[in-house]
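The values are calculated or read from the model by the stated rules, or taken from the named source; none is laboratory data. Here the structure is a predicted model, which is why all the values come from computation and not from measurement. Glycine gets a Cβ as well: all are built from the backbone with ideal geometry, and neighbour counts include every protein chain shown. Heavy atoms of the whole protein, side chains included, go into the accessibility calculation; ligands, DNA and RNA do not. Shrake-Rupley method; radii C 1.70, N 1.55, O 1.52, S 1.80 Å.
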Amino acid sequence: MGHGPLGEAYFCLSVCLLPLLLQGLEILDPGEVVYVRTETKGVVGRSVMLECGNTLPDVYIWGFTAPGNDQIRAVVYNFGQGPRLQKLATSLGELSVISDSSSLLIDRLPLFAQGLYTCQALYDTTEGAKVYYYYVRLLVLVPVSKPYILVSDTSPAEGTHLWMRCNLDNGTGPINYSWERENRDGVTAKVSEGDVSLMNVTVVSRNHTGWYRCLANNEVNQQRSDRIWLDIIFGPDAPLIDITPYSVTERGYSALERETVTLQCRASSNPPSLYVWFYNNSQVYTGPQYTITKILRMHTGQYSCLAQNTYLNTRSKTTITLTVYYPPDGNPTCAILPGNNYTDLALWCSWAGGYPQPSLAWTGTDPLANTYGWERSPGNATLMQPGARTANRATFTCLGTHVALNTTASCNATALLPPGEPQCSAYATRNNMYLMLSCSWEGGTPRALLWWASSNGAPEGSSEENANILVLRSSATYSGKAFACNAKHPLASPNKQCTLKLEAPVLVTQRSVVSVYEGSDVQLACVLKANYPATEITWYNNLRDQVWDTPRKYLLHSEAAWSNLTVREADGLRDSGQYWCSATNALGGAEIPIMLYVRKYPAPPNVTISKIVYNSRQRTEVDLEWQTQTEGDLTGFYVERQRSRAPGGKSGGATAAPALWQTVADLQPDARSHTFPGLDPAATYAFRITAVNRRTVGHPSEVRTPADPPFSAYPAVIGAAIGGMMVAMIGTMLLFVYIVRNRNNNRRLHDLIFGMQHSQSRENINFPEDEAAGGIEGDEGAGEGGLPVAGQSPRATRPSSHASAGLAASSASPASISEGLPPGGGDEPVNVTITVTATS
């Protein structure tokens, strides 16, 4: 934009137009204003562009008018210095101005951005200023959301009313709805279409079953709902029954025995029917297919299939008749029964069942049996056979035939005499309240007849087959009496018998008085001499308590007619006394006493302590010696110790209770001394010893307290003297050696010990005075020529320490000697004789 008229026009337009905009964009000269009206559609969440002319105006202002409101509010303006967004622009989405244009771009378009947008544009042209009004109506479209189906009933019954609605949460109309159905075979077909979301089904039928889906679309998009299953409830129809294998008779269906028969029931229904099978009005199976594996004769009857719709609570039923043709079960059954009071045999044959009835006949019988006659009933045949004319283990055969079988069925029966003889026994019930006599003779065919009789032949109780038990109340009157059991069998002649004699128990023992030393095991024996029925032996101890098998004290060993009781480690105080051996049955009881004496071993000799002393000054060990006063049996010693004072020797003001004796050693019988270590030096102990002869304890010895060991000073003194002399001698020798080696440094000490003259005579003469003195000594102590005088040894010339000391003390000094010499005689040598006497 240039200056001059055009600049003035822009300035005038800006100044004049601004008040007009603030007053609602009123144009005074409508002939100079161009109005352009457009409509633009946008989709929520997407972008839309609003155009304000094809070229960029010099000045433009965008305004927004919300629906239902006449007020125009500025959104953005540009007075030649670039676009300026107003506060309202932030609420209309992500609004921006496209570069080099006046068009607006709205990103992420919100729904409330819908309304009228007004763009007032001013163009500065050569012909003058031109004003354009662009009215852009923005329609914000909402895509249809995914529809969902609402249905009045997802499982309606057949013949009822149904409606389905296709619902949307969002979507700008107009919206078109269409419905699709997919049947069980997967074929999809359109059911209805229109702008109505509701679909009505007046009368529901089973053909309406399937998957339903609705489609919703507008000018923005199309959405498909999830499919929903419409399950039409119907039925059940009348059931149809199919039978395999298929065989029809005038009475219905038929089957052969042991065939596998399958009954299949079908009835249209939704949900599928629950099938229940009934056999003769009794429920036998649940399910559509009922299979009878190997059908039997018992399966003949009426079979009904009941189809139930549990949802609708409806049912239907169909009944058929099934007949099973069958022969009798298995083979005939044969048995031999007693007849004519157990004197003859009754041959009995049975083959029950079958249709029609089977035919039965016996073979292998005695011709006389036919004269006895037959007894017949449906499926049964009985023939009498004489017992006396029948051998043991004789076998008879019964033959059976049936029209449904191609073969003959048979059974065998063998007559058996019971083996051996009748067996009799007697026993008593608990607490011997009743006596039971038992008799048996088993293993016979037919079974034997048994009955009891007393010794006088009178029958007792009733008769029974195979086994017979006679119950008698316990009584001592039956003791010594006999009872007989009689047995009868068609093959046995004469009758057999076994006898019982009842006896009360009688007890004996080998020793009625038993003596044993204390600590030993002792065995008491008891024997049943007479006893029937049998009973067990019971032991009672000296306290009259029943004895049980307790390994620590009592051991029981019993057999049929005797019993031993072992008393372990017999004790004189507890085990001495009378023991009882007892036996009781239903006829009475018996018991015998056995006296047990448990003696003590002889008392051991008395013991005297001969020596008890501490073996050291530390007082931690005691040496103990003892001796027996007399000869006698003993098995050991035990030593007891008593501590009379606590450690440290401290005691309270009150008198302490006497300490208990404590056993500290168990010793062998040949021991006569023992040492006890680990004593407390500060405590006072007392000891005593007792002899033991097995379990017999002797009298304790006198109580003695250990004495201290005796004191001996002579060895200590001698040892100390010898040690002192050795130390003094070694010290003196070391001192002498030291003085001799260091005599120049310690001259006075040397002279004091060895003497001055003697020490000088041992030195070398290096001075005239020494030489003169040496000459005197040499002349005096040597003969002519400087040799020693005959008869004088060199050691005699060496003075002792005492002589040297005396000499040194009595000799004068050199000065005094020179003063005593005659005048002029000091220069002459003087001979001096020194005599040294060595004493020991």
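Of note:
- Most to least packed among 620-628, 582-590 [average Cβ atoms within 10 Å]: 582-590, 620-628
- Of the residues 540, 303, ranked by 1.4 Å probe accessible area with the largest first, the sequence reads 540, 303.
- Rounded to the nearest 10 square angstrom, residue 733 shows an accessible area of 110 square angstrom against a 1.4 Å probe.
- When the Cα positions of 577, 612, 596 are compared along the charge dipole of region 566-618, 612 comes out farthest toward the positive end, with charges on each C-beta of Lys, Arg, Asp and Glu.
- Using heavy atoms of the protein chains and a probe of 1.4 Å, the accessible area assigned to residue 265 is about 0 Å².
- For residue 294, the accessible surface of its heavy atoms amounts to roughly 120 Å² (probe 1.4 Å, protein chains only, rounded to the nearest 10).
- Positive dipole terminus of region 46-142, leading residue within 112, 128, 86 (C-beta point charges): 112
- Percent carbon-and-sulfur accessible area, region 19-160, ignoring ligands, DNA and RNA, probe 1.4 Å: 50 percent
- Residue pairs, from the table 190/317; 481/529; 529/600; 41/190; 146/190, whose Cα atoms sit over 29 Å apart: 190/317; 529/600; 41/190
- Applied to region 318-332, the Karplus parametrisation 6.51 cos²θ - 1.76 cosθ + 1.60 on θ = phi - 60° returns per-residue 3J(HN,Hα) values of 9, 10, 10, 10, 10, 10, 10, 8, 7, x, x, 5, x, 10, x Hz, with x for Gly and Pro.
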